[in-house]
Amino acid sequence: MLNALLDLLLPRTCPGCGTPLPWRGATSRAARSASGAGQARPCRSPICARCAALLAAGPTRAVPVPAPRGLPRTWAIAPYDGPVRALVLAHKERGRLALSGPLADALARAASAGAPDVLVWVPSRRAAIRSRGYDHARRLAIRAARRLGVPAVPAVLVARRLADQSGLNAADRAANLAGAFRVDSHVALSLAGRRIVVVDDVMTTGATLAEAARALRAEGLDVVGAAVVAAGVRRDPGPTSRRRRRHAPPGAAAGSPPDDPSPHPPHRPRRPVPALAGRAVTARAPP
């Protein structure tokens with residue numbers, strides 16, 4: 001118990017891969033005094049160099065299959081898998097708030113692909129915020145907006161009670177979220193004519209981002225895209241997982257946007273989510 005508390009306050013290992021974290025700024029007292037940095041104190045980096053490199057990739061198009069109606073063009077930095085998934089969950093569920101910095105850097109890079117005038121984050125359920133003690137999406141959006149030099153606005157609000165989305169397949173998520181968000185009319189007036197990018201930490205089926213975009217567009221606002229740190233793959237727990245699935249075409253980053261699909265999408269053999277920078281990150285969801 002004590003070790004877990006110490007690791008939360010002064011983490012010794014990378015929350016993404018478990019690698020021991022290096023000290024930064026760990027110079028001798030004499031060297032700090034000579035350089036005029038006598039007040040500087042050594043501290044550990046929040047993540048290791050390997051995980052930092054995963055979050056330092058450029059933005060790529062993320063295309064869930066199937067893409068929900070109304071999903072704006074979405075950019076992601078990495079697949080929601082391995083160390084990146086561990087980093088996101090550590091920030092969201094385990095209170096590793098030092099991860100807000102590197103995750104927000106990645107989110108800002110993804111959002112920059114949409115050349116936004118403003119960022120709008122997807123709201124969390126009130127119960128989830130109370131349980132965690134903070135709003136993880138708000139933290140990332142505000143920091144990402146600061147890095148881009150644009151405002152982050154709490155424009156989207158939860159309009160009704162939502163069920164926990166974990167474990168739901170694509171169809172159930174869409175049903176759970178239908179009409180779930182609204183936009184304050186006074187806030188909408190302040191956003192008129194501005195390029196909006198909707199942001200969240202992760203996209204799986206795309207239903208949440210699509211619903212947030214719907215609520216903003218219903219007020220006549222210009223949603224030019226969406227951005228996430230990571231785009232993930234979900235396994236459908238229901239019987240629909242046994243149906244034949246369609247896959248995003250090769251080079252999805254240069255193809256038709258999710259809200260304007262090609263009438264004859266090509267098919268390809270089943271393959272895992274690409275993990276290399278510069279290629280489309282495909283978040284596959286069950287039909």
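Readers should treat all values here as calculations from the given coordinates under stated rules, not as data from a laboratory. In this text, all values refer to a predicted model and were calculated from it rather than measured experimentally. FYI the Cβ positions are ideal-geometry reconstructions off the backbone, even for glycines, and counts take in every protein chain you see.
Full extension of the chain between R12 and A127 yields a length gain of 38.3 nm, computed as 0.36 nm times the residue separation minus the alpha carbon distance.
Taking other Cβ within 10 Å of each residue's Cβ, how do S112, S131 sort, fewest first? Let's see the in-between values first.
Details: S112 18, S131 10.
Ordered from fewest to most neighbouring Cβ atoms within 10 Å, S112, S131 come out as S131, S112.
By other beta-carbon atoms within 10 Å, ranking C17, C51 with the fewest at the front produces C17, C51.
In nm, what is the difference between 0.36 nm times the number of residues separating H186 and R94 and their Cα-Cα distance?
Details: separation 92, 0.36 × 92 = 33.12 nm, distance 3.51 nm.
My answer for the length gained is 29.6 nm.
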